[in-house]
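Here's the structure we're looking at; comments come further down.
The values are calculated or read from the model by the stated rules, or taken from the named source; none is laboratory data. Fair warning: this is a prediction, and the values are worked out from it, not measured in the lab. A quick note on method: Cβ atoms are made from the backbone with ideal geometry, for glycine too, and the neighbour counts reach across all protein chains shown. All accessible areas refer to the heavy atoms of the entire protein, side chains included, with ligands and DNA or RNA removed. Shrake-Rupley method; radii C 1.70, N 1.55, O 1.52, S 1.80 Å.
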Amino acid sequence: MRTNRMLLAAAAAVTAFALTGCGGGGGDGAGKIPTAGDGTSSTGTGKATNGSGSGKDEVAAYVEAKRAYVKCLRENHIEAPDPDANGQVDLGDAGALKKNPAFIRASEKCGPLNPPVPAEIERRLAPKLTPEQIKTQFAYADCMQKNGAPDFPDPEPDGNVYGDVQWDSTTAAAKQAARTCAPIIGDPVEQGPGKG
């Protein structure tokens, strides 16, 4: 199984753009979820932690871990700002960073310190979808599940998917499902979860 959190975020973003145009659905929150790390989440349930302060503890631990990650980057000659209250670190142009040898070296050293994003943070930063976009997200998930990707996750009631989502996008059936269902999210070709 592969973690496909970024692919799911991309599907939500495509839906937002397809339904509302370039100004759509939730600002820049979705793009901030994967910072310099791997974009995964620390929970396997897809649900935010609830109860006696555990969500707050998880967020506090995440922000503290991001501070350690930033400190490591700085020690390895990368200018990095302090994390914000949600633990997000704006490192600038991700494309340029991927080509920067100093950043690549620093990432190799500091990567183990970069924590997975907790579901509570994902919820805070998730785009606010319109009722039409939520309906589209559910239709897309239903289509994927019925056309070769039965383990494709259902969205939460707000239309977003949270947590460390596991589904296998590598099978021929899952790739075919992505092609079949792509028009639902406004892509007539192959973009979206399952492309790969």
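Length gained on full extension, F138 to A85: 16.0 nm, using 0.36 nm per residue less the C-alpha separation. The H on the amide N of W167, modeled in the peptide plane, is under 5 Å from the matching H of R2, N4, each at least 5 residues off or on a different chain.
Compute the length gained on full extension between Q176 and K128: take 0.36 nm times their separation in residues and subtract their Cα-Cα distance, giving the result in nm to one decimal.
Values: separation 48, 0.36 × 48 = 17.28 nm, distance 2.91 nm.
Stretched fully, the Q176-K128 segment lengthens by 14.4 nm.
Taking the square roots of 5 times each eigenvalue of the Cα gyration tensor of region 53-196, largest first, gives ellipsoid semi-axes of 33, 20, 13 Å.
Can you send over the carbon and sulfur percentage of the accessible area for region 54-182, probe radius 1.4 Å, protein chains only? Before the final figure, lay out each step's value.
Details: 3590 of 6570 Å².
Its accessible area is 55 percent carbon and sulfur atoms.
Could you tally the net charge around L113, taking each other residue with its Cβ under 10 Å from the Cβ of L113, Lys/Arg +1 and Asp/Glu -1?
+4
Modelled label positions at A61 and K109, each set 7 Å beyond Cα in the direction of Cβ, lie 2.7 nm from each other. Sequentially through region 121-131, phi angles give Karplus couplings (6.51, -1.76, 1.60; θ = phi - 60°) of 5, 4, 4, 4, 9, 5, x, 7, 8, 6, x Hz, Gly and Pro residues having no value and appearing as x. Using only side-chain charges placed at the Cβ, +1 for Lys and Arg and -1 for Asp and Glu, the dipole size of region 96-196 relative to its Cα centre rounds to 520 debye.
Here is the link list: K99/K175; K98/K128; K146/K175. Which ones come out longer than 22 Å on Cα distance? The answer is K99/K175; K98/K128. Applying the Karplus relation 6.51 cos²θ - 1.76 cosθ + 1.60 with θ = phi - 60° to region 148-164 yields 3J(HN,Hα) values of x, 10, x, 8, 5, x, 6, x, 6, x, 7, x, 9, 10, 10, x, 7 Hz, where x marks Gly and Pro.
Highest mean packing comes first when the peptides 173-182, 127-136 are listed by Cβ atoms within 10 Å, giving 173-182, 127-136.
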